[in-house]
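I have placed the structure first, in the form of structure tokens, so that the comments after it can refer back to it.
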């Protein structure tokens, strides 16, 4: 396999292209009136299943990038804040049966993107003080 493919629906192509150019750090390789395509050589895919009380409509919980260090988390967060994004951080949090450093940004259509580094495994799903992947639509915990 060469690429994993994810296609999302957007309402404003120009705003979405601008957002993803900044998040991915590259320009799209193809742009049409109703379409844009980005090809990223890195990263690979971290795919999770998220249990919910009920699901309807779009089944996407969130998207994310797993990185290799806290320093990489900080570098991405600083880079995106300089681009004008609000980054909601959750440093040294227990979520998804892991101790993680992470932050979140949201695209123009409300899709959340998580940048995270897993520091250690945990026997608990989340700590009492963490929001643990709060679903922006439901405002409830949806551990990654």
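Test residue 119 against the criterion of being in contact (Cβ under 8 Å) with a residue 24 or more places away in the chain and either in contact with a helix residue (DSSP H, G or I) (Cβ under 8 Å, 6 or more places away or on another chain) or under 20 Å from residue 6 (Cβ atoms) (or both), and give yes or no. So residue 119 passes the test. Among residues of region 41-73 being modelled with pLDDT of 85 or more and closer than 20 Å to residue 111 by Cβ, the one that is surrounded by the fewest Cβ atoms within 10 Å (Cβ to Cβ) is 63. Consider region 110-144 and keep the residues that are within 13 Å of the chain's Cα centre (by Cα) and at pLDDT 80 or above. The one that is farthest from residue 8 (Cα to Cα) is 117.
Comparison of 18, 36 shows that the only residue that is modelled with pLDDT of 90 or more and not in a loop (DSSP other than H, G, I, E, B) is 18.
Against the conditions (1) farther than 21 Å from residue 21 by Cβ; (2) surrounded by fewer than 19 Cβ atoms within 10 Å (Cβ to Cβ), residue 90 satisfies every one except (2).
The values are calculated or read from the model by the stated rules, or taken from the named source; none is laboratory data. Quick caveat: nothing in here was measured; it's all calculated off a predicted structure. Heads up, the Cβs are rebuilt from the backbone with ideal geometry, glycines too, and the neighbour counts pull from every protein chain shown.
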